[in-house]
Amino acid sequence: MKTFNIRKITWIIIFGFGILLVSVMNSCVESQKVAAKSGAQLWAENCQRCHNTPSPNSFSHEQWVTIGLHMETRAQLTDKEREKIVAFLTQ
């Protein structure tokens, strides 16, 4: 009886690690997909989902940097995503 419980617990642990491994692998694939996107794509996907975005010429470079820092938190962007979006808006 005790051996049965140890085997059962072992399989549960192995199954749990398997699920964790699959989750980590999927998040890496998603990160690579995001990394391959341009600033224009990220801008369209992240900014326009919540509100109408102004023209890139509406603000100065410094203002876009400030807006980018604010929206990084609000839109849960990574530093790299924010940098790409701001670079697109200020080119």
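Where does the charge balance sit around residue 87 when Lys and Arg score +1, Asp and Glu -1, over other residues with C-beta under 13 Å from its C-beta? Summing Lys/Arg as +1 and Asp/Glu as -1 gives +1. Using +1 at the C-beta of Lys and Arg and -1 at the C-beta of Asp and Glu, which of 41, 57, 90 has the Cα lying farthest in the positive direction of the dipole of region 38-91? Ranked along the dipole, the leading option is 41.
With the simple model of a label 7 Å out from the Cα in the direction of the Cβ, residue 50 to residue 65 spans 2.2 nm. Only Cα pairs under 8 Å and 6+ residues apart enter the sum, and on that basis the relative contact order of region 38-91 stands at 56 percent.
Where a number appears in this text, it was derived from the coordinates with a stated rule and is not lab data. As the structure is a prediction and not an experimental result, all values here were calculated from the model. Heads up, the Cβs are rebuilt from the backbone with ideal geometry, glycines too, and the neighbour counts pull from every protein chain shown.
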